[in-house]
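Working notes, beginning with the structure itself.
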Amino acid sequence: MEPRNFDGDADRPRAAGAKQTGRVLVIGPYLRVRAGGSDAQAEGYAVRDAEARLDEAAGLARAIDLVIADAIIAPISQIRPATYIGKGKVEEIAGLIKSLDVELVVMDCALAPIQQRNLEKELHAKVLDRTGLILEIFGRRAKTREGSLQVELAHLNYQRSRLVRSWTHLERQRGGFGFMGGPGETQIEADRRLIQERISKLEGELKKVQATRRLHRAGRQRVPYRVVALVGYTNAGKSTLFNRLTRADVQAADMLFATLDPTLRALNLPHGGKAMLSDTVGFISNLPTQLVAAFRATLEEVLEADVILHVRDISHEDAEAQQSDVDAVLRQLGINPDDSGRIIEVWNKIDRYDAEHREELLNIAARRPEDHPAMLVSAVSGEGIDALLNAIEERLAAKRTTLDLSIDAADGAGISWLHRNSEVLAKELHDGRFDMTVRVDETKRDIVVNRFDAVPRLSA
């Protein structure tokens, strides 16, 4: 669908033809960018193209099978406290809703409860803001018990401030000792208390999830397996890349938030070592704070990861802005997106370019600083995957110690322990002894040095 500008009578959309019920109108109420920049820039987000933003909002609506009647841009000079957009635009949109027989309006912004309620009264249609839309998508995508808990917690925190708007029975006057306040106040407080009790219960259950994850991480450290986490903008191709690297069958589809629940699989490295690869939920611009907080248990896999692969859809027209959005979320999590020792930038979907444009991308990547390389890959065709695996192995190796040792060939238990607890790089038999070169985690270094009289290998 071609997004259209909606800025006055001159740009009024076409009249509706045959009416269709159950349709959605997507509105992009975007602030006009002034010369001095914008609030988005101040918060670390890039200023994104309005049409790209509207197209993304329409994609979010389609992700839950909504039928889009139209998608329009409604530029505003300032945010109105009562309705977010100006009175004139509210009237124009109301007329459009009537002509298109629309039942739901999606506003691509974060609305305050009072703004949402006022818009519904003026437009005579249900209004859903960006946060509510993303919560709805997450609610449908969550399949595991943990994912459902996290989504419910985020939804309740969002809904708690919107009781007056959405719960129509609260307008009923109740009997009893409700002397203070107006009709419905006692019912509202009772419902808020029930919601708070449910929130407290969910938070307790999620703490148990966090404890379980800590036990799992401790178990992986004893093996030891390093963790590599995939992060990136939603629909950047993380799940497809995950499947390519691990030969797994995680759902991968060309839609926003195709996968939600985190997945861990073993990753085989080029020289025989192993790591754990974690696929996480995709990020998006203006990710609701309720979701960042609720999904912290899941995102701890990213916080604890030894290497983070920032997967980018390099073919997307808004690739730079998407990178800025992901970097902003990483900062919210306490991760420095410029940490070159931990983060590898992966430019995915190069299969969408012809040979000439692909060569241009290679030249751009070659001019990047050595400590901030970009790995060009196609998760679909497999191009660049071997180079990416080598880069992952090099980053993991940088945090491990390489040791040389000699062990009696008859010491089967010791040799077996080394194979289980270290990465064996070389092993040769000489005069009844194995000369071995192993790479170990710092937690195992002293054990290997003391038990096998190993010595660190000097750098070349």
Query raised in the report: Is segment 125-141 home to any residue that is within 16 Å of Ile27 (Cα to Cα), part of a loop (DSSP other than H, G, I, E, B) and either at pLDDT 95 or above or touching a strand residue (DSSP E or B) at 6+ places or on another chain (Cβ under 8 Å) (or both)?
Result: yes
Query raised in the report: Taking segment 411-425 as the search range and keeping residues that are without any contact (Cβ under 8 Å) to a residue 12 or more places away in the chain and loosely packed, with under 11 Cβ neighbours inside 10 Å, which one is farthest from the chain's Cα centre (by Cα)?
Result: Gly412
Query raised in the report: Under 7 Å by Cβ, and 6 or more places apart or on different chains, what pairs join a residue from segment 53-70 that is assigned to a strand (DSSP E or B) and modelled with pLDDT of 90 or more with one that is buried (at least 19 other Cβ atoms within 10 Å of the Cβ) and of a type in the set (Val, Ile, Thr)?
Result: Val67/Val24; Ile68/Val24; Ile68/Val26; Ala69/Val24; Ala69/Val102
Query raised in the report: Looking at segment 185-218, which of its residues are touching a Phe, Trp or Tyr at 6+ places or on another chain (Cβ under 9 Å) and either open to solvent by less than 60 Å² (accessible area, probe 1.4 Å) or at pLDDT 60 or above (or both)?
Result: Gln187, Ile188, Asp191
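Residue-by-condition table, conditions (1) open to solvent by less than 70 Å² (accessible area, probe 1.4 Å); (2) farther than 30 Å from Asp441 by Cα:
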residue: Leu303; (1), (2): yes, no
residue: Glu317; (1), (2): no, yes
residue: Glu345; (1), (2): yes, no
residue: Asn348; (1), (2): yes, yes
residue: Arg358; (1), (2): yes, yes
residue: Leu361; (1), (2): yes, yes
residue: Ile364; (1), (2): no, yes
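From the residues in segment 103-124 that are among the aliphatic types (A, V, I, L, M) and part of a helix (DSSP H, G or I), which one is most open to solvent (accessible area, probe 1.4 Å)?
Checking each candidate, the answer is Ile114.
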Report summary line: Taking segment 365-414 and keeping only residues that are within 16 Å of Val438 (Cα to Cα) and of a type in the set (Lys, Arg), one is left with Lys399, Arg400
**Report entry** The one condition in (1) within 15 Å of the chain's Cα centre (by Cα); (2) closer than 23 Å to Pro270 by Cα that Leu303 fails to fulfil
**Finding:** (2)
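The values are calculated or read from the model by the stated rules, or taken from the named source; none is laboratory data. Quantities reported herein were computed from a predicted structural model and do not represent experimental measurements. All Cβ positions, glycine included, derive from the backbone under ideal geometry; neighbour counts span all protein chains shown. We work out accessible area using only protein heavy atoms, side chains counted, and drop any ligands, DNA or RNA first. Shrake-Rupley method; radii C 1.70, N 1.55, O 1.52, S 1.80 Å.
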